[in-house]
Structure formats: C-alpha cells, structure tokens
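**Student:** After the structure tokens below, expect a handful of questions from me.
Every read-out reported here was derived from the displayed coordinates using simple, explicitly stated rules and does not represent laboratory data. Remember, predicted model here, so these are calculated numbers, not experimental data. Quick reminder, even Gly has a Cβ in these numbers, built from the backbone with ideal geometry, and neighbours come from all protein chains shown.
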Amino acid sequence: MPTVNKAFTFVADMDRSLTIQLIAIMVVVLLGAGLDVMEVDAAQYAGMSRDMLVSGDVLELHYRGEDYLDKPPLLFWMSALSFGLFGVHDWSYRLPSIVFAFLGAFSTYRFALLYHGKEVARTALVMFGCSLAFFLMCNDVRCDTMLTGSVITAIWSGCAWLKEGRWWQLFTLALSLSCGLLSKGPIGAMAPMLAIGAQSVFTRSWVRLRDPRWLLVPVIVALALIPMCIGLYQQHGWHGIRFYFWEQSFGRITGENRWQDDSSALFFTHELLWQMLPWTVFVLAGLWRAGRMIMRRKAPAEYASSIGAFAVFVALSLSHFKLPHYLYVTLPLFAVLGAYGRHSAQGFWLFRVQAVVTSLIWILTLVLAWVPFPELRWPMTGLVLVLGMVALWSARASDKREAALVPTFWVMIAAGAVLNGQFYPGVLRSQANAQAGKWAAANGSGPRQFFGMQVSGNALDYYAGFPVQWLSHAGEARSVIVPGVAIYTDEIHRKELMDAGLAPVREIELYDHPAQRLSLRFVLPHLRATVLEKRYIMVY
C-alpha cells in the first residue's frame, strides 16, 4: 500500500507541464504498441508466450516444440497472461513490458527525488522517458524492458531503505529483485546491489545492513524463484539451474557461455551516446561532474547513480557477447546523472551545444518524415513542423536554462511520433515473414497446408499461429503438395520448384528486408529496390 500511495502522491504532485509531457510520451509509445513484432527476438518471445497460453504449461519453456534454455520466464508469463486477458495481439504482447517501462520512469523520479529534489527528479523522468532508447524498448520488446524497470525500482527502494528504513521499502526491494532475476537472470540482482552497495559504503550507512529485517529480502526472492527452478530442473536437470545462476550471465564474462562475438570493450561507449539522445550532452556533463567530485573527495548528493552506472557499464563491457539493448538496464541511472548535469551546469555553453543538437535532431526528423516513405508523408511532416514551432516558442518563452529542456522534449516527441507512426510502419511492410504468416492465418492454412522452403523465421511462426514446417528441396515439396497447399520461399528456390514442374495456380509476391539492419539504400526510396529480397507464396 505505501508504494501505491507514493504513486498517487506522484500524480497529485504533477503540475500541468509534467502532465502534458507524460501524456505526450504515452501517445508516442501507444503509436508503436500495435506495430508488427520484429524479427528475431521479439517475434520469438511473442510466439513462445502464445504457445504457453495454448499449452497451459507455465513451468517449462518451449520453442517450436523443443525444450528452451536461454531466457528466464517472466516475459513469457506476463505476455501469456496478457494474451489470456485481452487476446493475442501485438499490443497485448507489448503491454506488460510497457507497464514495466513506465514503472521504471516512475522509479527514476522517486530515486532522484530522494537526493536531488523535485526539479532534478522531474528532469530525470523526462530524460529517461523521452529518450530514443525508451521508445525503442517499448517498441521492440525483449526481456530488457522488464529488467530495466525492475532494476531501477530495486535501486530506488533499496536506497530509500538505507535512508528511511521502512518496511514497505524492503518489501518493494524484494519484489523488484525477484522480477529482475526472473526477467534476465543474475544481472537483475547484480545491478541493483552494485548501486545500493556503493551508496551504503560511501555514505557509511551499512548499519542498516545489520537490521534483521533484511532477512525478508532473500526469503521473498527465494520463494519467487521456486517455480522457475522447478521448471528448469524438470526440463534440464542441474545443468538448467547452473545455467541460470551462472553460465547465462557470468558465463558471458568467463567465456563459458556459447554466445560470443568479436565486439570490443568500447562497444557500449558509442551505444550510450545514441541511446540517451537527445540528452547525451547533459549525461556526459553529469558523468564528468560526478566523477570530478568523487576524485576530489567531495561528497556528491548520492553515489548510487554514478558508481552503479559505471560498475554495470564496465561489467557489460567485459562480456564476450554484446548487443545494444543490454545497455538499457543502466539508462535510468544515466538519466539521473543527465538531470544532475543539466541543473548543476555552470555557464551557458552547455545549453548552446544542446540547442545545436536539438536543431540537428529536428532537421533529421523532418527528413525522415519526408523522404523514406512518400506515401506516408502527411500528416507526419505537418506534425514535425508544428512541434518545431512549439519548441521554438517554448525556447523564447522560457528562461535560458529551461530553454535547453522543453524545446528538446518536443523535438524528441516529434521524432518518436515519426518513428512509431510512420517510419517503422513503412519498414515493417517489408518484413516478409510477418506478411506471409498473416496470409496463412487469414486463409485458414494449418500446419499441413502451409510450408516454408529454405526460408523460416519467428515472425512467420507467430503470425501463422504454428511452427511452419521446413522443406529442404523440391522433392520434399512434391510429397506435400495437394490442392490448397501453399509454399513460402525465396527467389532461388521458387526457380527450383518451377524447374521441377511444380508451378503454382496462384502466386503472391512479397519483399523482404531485415527491420533491424536498415541501411541508407533502404531508407532512400529510389535505391530501396536494390536491397529488397523477393519472397513468394506459391499456392497450389
């Protein structure tokens, strides 16, 4: 109840400006909620969640009918529950993760309010909720969205416990740690503990750690993990338990995990720069200022954001396998640092640099609204122009310090609206797996009427409603072809079928390009055809 009361207090404390900003963020997120789920991960997780709902087996995870050992179950549990309540839709798959994302924004505000006051807290909320990464994590939903919301909630409640020592803070900490562990494994506990530990050590508040009420935390966490551990043991024996508690996370650092790539230790450095857009300048300023204070042994307002963000950043950078969304878990802390940097900045050169960044983002957004998909050009171009005028008006109406925040916010809202309302809808029309799966579902094709020949994909399975059987060559195709059968294939294997005398009675032509591997050639309409791959649904 106290946590709920905090939420109501937060709502009551909001002024008109912050209310409008939150509504604008929600509108952008809702624009992306109904988009097709993307290959590869999001489509896979959506399909697994639907299969869990159908089978009713919530303890064991399966992928295409086989035992699955990779991600913990919280995303699948919550999305399957959402499917059960609201039906199987793209938006209902995303809904639980979106709730966690906004929980993360709320917790970012509450954490910053503990140490920095209301103005910094409001700015931190806006910097996290109106960042490029926030819009992407609510769009291309993976386990990291729930992880991010859980981790910052754990950090807030844990630091609040160190400061105030209330029961509800300890209970919230335990639930948040449980959700983090069930979202993506040990990092769900490691990241909060690094931040909370830094705060307790540097402020010498470890006396709280001797409070016997701490025992509530491991008890609740252990109880929350029992169902998952039962499922892991039933499916994979002790290897499943070890994989979850060690290999899945720490094994990426030691090299025991099978997932490895050749990315450098500096991979996340440039990732941070674009993920925190349009607030990167302030984040760097906040990092610099907090670092200088610590090095000079001047006590900053708190240590959890700077030490916690830096420690988790280094741990992620030491991993042998890195993907951009792994960094999401640190972004609320970087948003707090950005808010701190913005409000503690001396002189106005920083705000002039931010004005340049904001202008460049607005110009790029206008180009993005006008160029890639001319048929979707209006009304998004008009919206960008209108919000650009709002930004310009707010810059002139506000004082110089406020002028660095409000105009940037509205320009980023314009960018998010273009991405979710125009750009990605256009991009996802070229996700042929999803289009083929939708065709199969719309035509009532089941597992014995719809096949894939040398092409497959998670979006294909998800939208078709079943794992689509793979055909290797024309000989296999011949054995399954009867009237009403459809085969989804690419240009090379279409030719193989035609050469084998297996001409269809009807043919649907699709175009494919990976949504997560966009290039300039795809973005420019007159060059797009050079990178599109043809796919075919051959109906017999």
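**Student:** For the pair residue 496/residue 206, report the inter-label distance in nm, with labels modelled 7 Å from Cα in the Cβ direction.
**Tutor:** 6.4
**Student:** Just check region 318-412 against the gyration tensor rule for me: Cα atoms, a ≥ b ≥ c as the square roots of the eigenvalues, rounded for a/c under 1.5, and otherwise prolate or oblate depending on whether a/b exceeds b/c.
**Tutor:** Details: a/c = 2.71, a/b = 1.11, b/c = 2.45.
Oblate, since a/c reaches 1.5 and b/c is not below a/b.
**Student:** Also: Report the calculated FRET efficiency for residue 40 and residue 229 (r = Cβ-Cβ distance, R0 = 30 Å), to the nearest 0.05. Don't jump to the answer; show the numbers that get you there.
**Tutor:** Working: r = 28 Å, r/R0 = 0.92.
Taking R0 as 30 Å, the efficiency between residue 40 and residue 229 is 0.65.
**Student:** Would you mind working out the magnitude of the charge dipole of the chain relative to its Cα centre, with +1 at each Lys and Arg C-beta and -1 at each Asp and Glu C-beta, to the nearest 20 Debye?
**Tutor:** On the way: 44 positive and 36 negative charges, 419 e Å.
So the magnitude is around 2020 debye.
**Student:** Arrange 266, 69 by Cβ neighbour counts within 10 Å, fewest through most, would you? Don't skip to the end; give the middle numbers.
**Tutor:** Numbers: 266 9, 69 16.
Result, fewest neighbours first: 266, 69.
**Student:** In the chain, what % of DSSP beta bridges are antiparallel (nearest 5)?
**Tutor:** Details: 14 of 21 bridges.
Here the antiparallel bridges make up roughly 65 percent for the chain.
**Student:** Percent relative contact order of the chain, based on C-alpha pairs within less than 8 angstrom and at least six residues apart?
**Tutor:** Values: 849 pairs, mean separation 79.6, N = 540.
Relative contact order comes out at 15 percent.
**Student:** Read phi for every residue in region 57-72 and hand back ³J(HN,Hα) as whole Hz from Karplus 6.51 cos²θ - 1.76 cosθ + 1.60, θ = phi - 60°, with x for Gly and Pro.
**Tutor:** 8, 9, 8, 10, 9, 9, 10, 6, x, 9, 4, 10, 9, 7, 9, x
**Student:** Still on this structure, please answer the following. Report, in whole Å, the centroid distance computed from the Cα atoms of region 514-540 and region 136-205.
**Tutor:** After rounding, the separation between the Cα centres reads 42 Å.
**Student:** Given R₀ = 45 Å, FRET efficiency for residue 532-residue 349 by Cβ-Cβ distance, to 0.05? Walk me through the numbers before you get to the answer.
**Tutor:** Values: r = 46 Å, r/R0 = 1.01.
The value I calculate is 0.50.
**Student:** Continuing with the same structure: Run the simple label-point estimate for residue 57 and residue 70 please: 7 Å along Cα→C-beta, distance reported in nm.
**Tutor:** Between residue 57 and residue 70, the simple spin-label model gives 1.8 nm.
**Student:** Calculate I(q)/I(0) for region 93-201 by the Debye formula, one identical point scatterer on each C-alpha and no solvent, and give its log10 at q = 0.18 Å⁻¹ to two decimals.
**Tutor:** The computed values of log10 I(q)/I(0) come out as -0.85.
**Student:** Residue by residue through region 291-307, which ³J(HN,Hα) values in whole Hz follow from phi under the Karplus form 6.51 cos²θ - 1.76 cosθ + 1.60 (θ = phi - 60°), with glycine and proline marked x?
**Tutor:** x, 5, 5, 5, 5, 8, 6, 9, 6, x, 4, 7, 10, 4, 5, 6, 5
**Student:** Going toward the positive end of the dipole of region 452-540, with +1 on Lys and Arg Cβ and -1 on Asp and Glu Cβ, which of 463, 452, 530 do you reach last?
**Tutor:** Comparing the listed Cα positions along the dipole, 530 ranks first.
**Student:** Given the pairs 184/322; 163/298; 184/438; 118/322, which span a C-alpha to C-alpha distance of over 24 angstrom in this model? All intermediate terms of the calculation are to be shown ahead of the outcome.
**Tutor:** Details: 184/322 14 Å; 163/298 20 Å; 184/438 30 Å; 118/322 35 Å.
Check vs 24 Å cut-off fails for 184/438; 118/322.
**Student:** Within region 449-540, which trypsin sites (Lys or Arg not before Pro) sit in a loop by DSSP and count at most 14 neighbouring Cβ atoms inside 10 Å?
**Tutor:** Working: sites: 478, 494, 495, 506, 517, 521, 528, 534, 535; in loops: 517.
Here the trypsin sites (Lys or Arg not before Pro) that fit, given the DSSP loop and packing criteria, are 517.
**Student:** I need the semi-axes of the equivalent ellipsoid of region 432-539: take the C-alpha gyration tensor, multiply each eigenvalue by 5, square-root it, list largest first in whole angstrom. Mind dumping the intermediate values first?
**Tutor:** Details: eigenvalues 121, 53, 25 Å².
With the √(5λ) rule applied to region 432-539, the semi-axes are 25, 16, 11 Å.
**Student:** Right, here's the next one. Give a residue-ordered list of calculated ³J(HN,Hα) values for region 501-518 (Karplus: 6.51 cos²θ - 1.76 cosθ + 1.60, θ = phi - 60°; whole Hz; x for Gly, Pro).
**Tutor:** x, 9, 6, x, 7, 8, 9, 10, 9, 10, 10, 10, 7, x, 5, 9, 10, 6
**Student:** Using Cα pairs under 8 angstrom and six or more residues apart, how large is the relative contact order of region 432-539, in percent?
**Tutor:** Numbers: 171 pairs, mean separation 30.7, N = 108.
This gives 28 percent for region 432-539.
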